[in-house]
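Peer 1: Here it is, the structure in full.
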Amino acid sequence: MKLLALAASVFAVAAPSKTVQLAIIHAVHGCHVWQSSQALSPKGVLTLTAGTKVVVRVNCPMDFTLTQVKGPKLALGDPTLHTGTQRTIVFRVRGIYVLRAVNLQSSAQQGLQTLGADNQPTLTVKVI
């Protein structure tokens with residue numbers, strides 16, 4: 001029985017973690033929103049289990065600075081996200097995280113038509 005319990009714990013550690021795909025895209029109202037398979041919004045909320053990876057891709061034609069506003073320290077790497085690139089963030093520790101993406105160019109500078117001011121997308125991640 002002890003051998004079976006040991007084997008189960010080894011396989012639990014070796015199991016691959018889940019990955020969630022997100023993108024920052026251009027939208028006519030407010031310019032920037034989070035896109036996932038579930039929703040489009042400038043304020044995204046995810047509930048994840050510890051060890052889950054979030055891949056953030058910039059599909060908007062401008063660059064962003066990604067900063068952590070709240071939560072246990074994350075390894076974000078270079079804070080600049082360039083258009084067409086992606087970043088993988090691993091949420092290893094339970095807690096509530098808040099990330100903010102701030103555009104480095106405005107809609108007007110990029111020649112994009114928008115309604116209203118540019119959004120600064122925020123992402124709240126609850127790791128359980």
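Peer 1: For region 54-71, how many residues are part of a strand (DSSP E or B) and within 17 Å of Ile24 (Cβ to Cβ)? Before you say what the answer is, go through the steps one by one.
Peer 2: Looking only at region 54-71, we keep the residues that are part of a strand (DSSP E or B), and these are 54-58, 64-70.
Checking the rest, the ones that are also within 17 Å of Ile24 (Cβ to Cβ) come to 54-58, 64-69.
The qualifying residues number 11.
Peer 1: Being over 21 Å from Thr47 (Cα atoms) and crowded, with 18+ Cβ neighbours inside 10 Å is the filter here, so list the residues in region 92-104 that pass it.
Peer 2: Once the filter is applied, which keeps residues that are over 21 Å from Thr47 (Cα atoms) and crowded, with 18+ Cβ neighbours inside 10 Å, region 92-104 yields only Asn103.
Peer 1: Would it be correct to say that Ile89 is more than 18 Å from Val33 (Cα to Cα), out of contact with any Pro (no Cβ under 7 Å at 6 or more places or on another chain), buried (at least 18 other Cβ atoms within 10 Å of the Cβ) and free of Cβ contacts under 8 Å to residues at least 40 places away in the same chain? Give the steps one after another, and end with the answer.
Peer 2: Working: more than 18 Å from Val33 (Cα to Cα): yes; out of contact with any Pro (no Cβ under 7 Å at 6 or more places or on another chain): yes; buried (at least 18 other Cβ atoms within 10 Å of the Cβ): yes; free of Cβ contacts under 8 Å to residues at least 40 places away in the same chain: yes.
When the stated conditions are applied, Ile89 passes them.
Peer 1: Could you please find all residues in region 79-101 being under 12 Å from the mean Cα position of the chain (by Cα) and either acidic (Asp, Glu) or within 16 Å of Thr19 (Cβ to Cβ) (or both)?
Peer 2: Gln86, Arg87, Thr88, Ile89, Val90, Phe91, listed by residue number.
Peer 1: Looking only at region 95-128, filter to residues that are in contact with a Lys or Arg (Cβ under 9 Å, 6 or more places away or on another chain) and in a loop (DSSP other than H, G, I, E, B); which one of those is modelled with the highest pLDDT?
Peer 2: For region 95-128, the residue satisfying everything is Ile128.
Peer 1: Still on this structure: Looking at region 37-53, which of the residues that are assigned to a strand (DSSP E or B) and of a type outside the set (A, V, I, L, M) is surrounded by the most Cβ atoms within 10 Å (Cβ to Cβ)?
Peer 2: Step by step, filter region 37-53, then rank; the result is Gly44.
Peer 1: Here's a check for you: in region 61-78, which residue that is within 15 Å of Thr122 (Cβ to Cβ) and more than 12 Å from the chain's Cα centre (by Cα) is surrounded by the fewest Cβ atoms within 10 Å (Cβ to Cβ)?
Peer 2: Val69
Let's see how each residue does on (1) at pLDDT 95 or above; (2) in contact with a Ser or Thr (Cβ under 9 Å, 6 or more places away or on another chain); (3) closer than 19 Å to Ser107 by Cβ:
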site	(1), (2), (3)
Ser36	no, no, no
Ser41	no, no, yes
Thr49	yes, yes, no
Val55	yes, yes, no
Gln68	yes, no, no
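The values are calculated or read from the model by the stated rules, or taken from the named source; none is laboratory data. Keep in mind it's a predicted model, so treat the numbers as computed, not measured. Because the Cβ atoms are built from the backbone with ideal geometry, glycine has one as well, and the counts that use them run over all protein chains shown.
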